[in-house]
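Colleague: Following this message is one structure expressed as structure tokens.
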Amino acid sequence: MRRPNILIVTTHDTGRFIEPYGVATVETPNLSRLAAEGIRFNAYTTAPQCSPSRASLTTGRYPHANGVMGLTHGEHRWDLHPNERTIPQTLRTAGYRSGHWGVEHAARDPQRIGNDCYDNVCDIESMVAGVSAFIEAEPDQPFVVQIGLTETHRVSDHGFGGSPFDARGITVPAYLPDAPDTRADLADFQGCVNRADAYVGRFVRVLEERELLDETLVLFVSDHGIAFPRAKCTLYDPGVEISLIARLPGSPLSGGAAPPGMAGIMDIVPTLIDLTGAEAPAGLHGASLLPLAAGASPGHAEMFVEKTYHSYYDPMRGIRTDDWKYIRNFEAGLGVEVPADVAGGGAYRDLAGRLEPAVHAPAELYDLRSDPGEWTNLAGRPEYASVESELEAKLAKWMRETGDPLLDGPVASPFYRRAMHGLLQ
């Protein structure tokens with residue numbers, strides 16, 4: 001098989017809130033087509049925040065290993081370690097040229113990612129024109145194009161900047177109240193999901209018009225869970241479940257299957273290496289998706305998830321299996337972080353003061369079979385001691401094997417280090 005071209009479209013804060021994952025109250029025909037002709041994965045991110053999850057996407061490594069344990073912009077200042085290799089840098093070893101349009105957000109300086117062409121324009125017409133010109137410039141060389149849509153992130157007024165959509169009704173997740181402000185917030189979100197899908201369709205048409213669609217791996221991936229209370233910025237499933245759809249005719253990434261085994265955002269880099277023959281960076285933490293798509297692998301037995309910084313220092317690490325979720329909290333604090341963009345939304349107004357858990361427990365254990373909403377913390381109960389001990393041991397082993405800096409004590413932020421450096425000069 002000829003080395004495929006690659007198109008990766010990433011959205012902000014979308015989770016699995018699209019039709020292919022069972023949300024019937026939005027209109028996402030383009031994503032539904034990709035899922036019907038490709039593969040829809042049961043996928044999870046590494047972290048429930050933008051920069052850490054995107055850094056894992058482009059490096060195939062956990063945030064605490066690649067250096068991005070918090071946001072990269074402004075005074076947050078987190079960044080990739082100098083020796084981390086990204087998707088463009090990895091695929092260059094196989095002869096690929098690379099371009100990125102829109103939101104990047106995995107490094108402090110987007111140029112660090114190493115694309116041949118980078119444009120932070122977010123206007124859809126400019127993005128389509130730029131991608132079209134890039135593809136046409138060197139038709140004989142394979143390309144990797146990445147699109148970072150601003151949708152479905154909240155905007156400055158804490159809404160979603162679009163036309164509310166409720167023609168099919170409103171899907172109210174079980175962890176949110178079915179109340180007026182929440183429903184209005186979700187209608188706004190649904191309209192933004194529809195817009196994101198329409199933009200995905202624009203880039204698919206760019207490939208179709210040049211008769212490149214069936215020679216191109218099209219990947220759609222959301223970075224983490226939706227921007228609603230008890231989702232984004234939490235290690236509960238609504239925070240770490242993501243959409244991951246891949247379409248490539250003539251490969252295992254075709255046929256419309258939805259394998260139940262767990263996949264992860266870090267599996268994207270190993271998959272690209274498997275398809276292109278690119279040189280693999282050292283220390284990858286993911287695995288190729290091709291065996292899972294072909295039915296030759298059951299997927300990951302465990303998914304590890306983490307958070308260190310977002311709005312504030314809130315270190316936690318977790319492990320998810322098919323049946324259990326175990327979270328270890330390393331600081332006291334609010335049980336559910338609500339980032340500023342979410343705190344300004346209607347759903348938070350309906351929930352303010354009633355979020356559970358109210359404060360962190362040292363450990364959290366949930367039986368996902370009987371309690372998929374992760375409401376009843378079983379940690380510390382004698383009858384679950386063996387399960388808790390086993391998961392805790394696996395979590396500790398993972399932290400050691402991946403060099404988690406939490407093992408050496410509290411993690412200092414770039415802001416702290418910069419302030420201390422200035423004080424001591």
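The values are calculated or read from the model by the stated rules, or taken from the named source; none is laboratory data. What you see is a predicted model, and the numbers here were worked out from it, not measured in a lab. Note that we place each Cβ from the backbone using ideal geometry, even for glycine, and neighbour counts take in every protein chain shown.
Colleague: Under the condition of being in a loop (DSSP other than H, G, I, E, B) and among the β-branched types (Val, Ile, Thr), which residue from region 333-366 is nearest to residue 155 (Cα to Cα)? Before the answer, list the steps.
Modeller: Just the residues of region 333-366 that are in a loop (DSSP other than H, G, I, E, B), to begin with: 333, 335-339, 344-345, 352-358, 360-362.
If we keep only those that are among the β-branched types (Val, Ile, Thr) as well, we get 336, 338.
On the way: 336: 21, 338: 16 Å.
Per the stated criteria, the residue is 338.
Colleague: Cβ-Cβ under 7 Å, sequence separation 6+ or interchain: first residue in region 66-88 and under 22 Å from residue 117 (Cα atoms), partner β-branched (Val, Ile, Thr) and part of a loop (DSSP other than H, G, I, E, B). Which pairs?
Modeller: 79/68; 79/72; 80/68
Colleague: Looking at region 150-172, can you tell me whether even one residue there is buried (at least 16 other Cβ atoms within 10 Å of the Cβ), within 30 Å of residue 405 (Cβ to Cβ) and at pLDDT 95 or above?
Modeller: Yes, the conditions are met somewhere in region 150-172.
Colleague: Take the residues in region 333-356 that are over 18 Å from residue 183 (Cα atoms) and among the charged types (D, E, K, R), then tell me which one is farthest from the chain's Cα centre (by Cα).
Modeller: Filtering region 333-356 for residues over 18 Å from residue 183 (Cα atoms) gives 333-340, 353, 356.
With the extra rule that they be among the charged types (D, E, K, R), the set shrinks to 337, 356.
Working: 337: 18, 356: 24 Å.
Filtering first and then ranking leaves 356.
Colleague: Considering region 303-332 alone, what residues qualify as being under 17 Å from the mean Cα position of the chain (by Cα) and either farther than 23 Å from residue 49 by Cβ or of a type outside the set (A, V, I, L, M) (or both)?
Modeller: 304, 306, 307, 308, 309, 310, 317, 318, 320
Colleague: Mind checking which pairs have a first residue in region 154-171 that is touching a residue at least 60 places away in the same chain (Cβ under 8 Å) and a second that is among the aromatic types (Phe, Trp, Tyr), Cβ under 7 Å, 6 or more apart or different chains?
Modeller: Taking only residues 6 or more apart or on different chains, the pairs are 154/160.
Colleague: For region 32-48, check the following and say yes or no: at least one residue is modelled with pLDDT of 95 or more, surrounded by 24 or more Cβ atoms within 10 Å (Cβ to Cβ), farther than 21 Å from residue 298 by Cα and not aliphatic (A, V, I, L, M).
Modeller: Looking for residues that are modelled with pLDDT of 95 or more, surrounded by 24 or more Cβ atoms within 10 Å (Cβ to Cβ), farther than 21 Å from residue 298 by Cα and not aliphatic (A, V, I, L, M), one finds at least one in region 32-48, hence yes.
Colleague: Then there's this: Which of the residues that make up region 100-141 are more than 26 Å from residue 64 (Cβ to Cβ) and β-branched (Val, Ile, Thr)?
Modeller: 121, 124, 128, 131, 135
Colleague: What number of residues within region 310-326 satisfy the criterion of being in contact with a helix residue (DSSP H, G or I) (Cβ under 9 Å, 6 or more places away or on another chain) and crowded, with 20+ Cβ neighbours inside 10 Å?
Modeller: The number of residues fulfilling the criteria is 8.
Colleague: If you check residue 198 against the conditions, is it outside any strand (DSSP E or B), surrounded by 22 or more Cβ atoms within 10 Å (Cβ to Cβ), in contact (Cβ under 8 Å) with a residue 24 or more places away in the chain and not polar (S, T, N, Q)? Write out each step before concluding.
Modeller: Working: outside any strand (DSSP E or B): yes; surrounded by 22 or more Cβ atoms within 10 Å (Cβ to Cβ): no; in contact (Cβ under 8 Å) with a residue 24 or more places away in the chain: yes; not polar (S, T, N, Q): yes.
Answer is no for this residue.
Colleague: Is it the case, given these coordinates, that residue 311 is outside the structural domain of residue 38 (by TED's automatic domain parsing), among the polar types (S, T, N, Q) and out of contact with any strand residue (DSSP E or B) (no Cβ under 7 Å at 6 or more places or on another chain)?
Modeller: Working: outside the structural domain of residue 38 (by TED's automatic domain parsing): yes; among the polar types (S, T, N, Q): yes; out of contact with any strand residue (DSSP E or B) (no Cβ under 7 Å at 6 or more places or on another chain): yes.
So residue 311 fits the description; yes.
Colleague: Among the residues in region 367-389, are any among the acidic types (Asp, Glu) and assigned to a loop (DSSP other than H, G, I, E, B)? Spell out the reasoning first.
Modeller: At the first step, the residues of region 367-389 found to be among the acidic types (Asp, Glu) are 367, 371, 374, 383, 388.
Next, only the ones that are assigned to a loop (DSSP other than H, G, I, E, B) stay: 371, 374.
Checking region 367-389: at least one residue is among the acidic types (Asp, Glu) and assigned to a loop (DSSP other than H, G, I, E, B).
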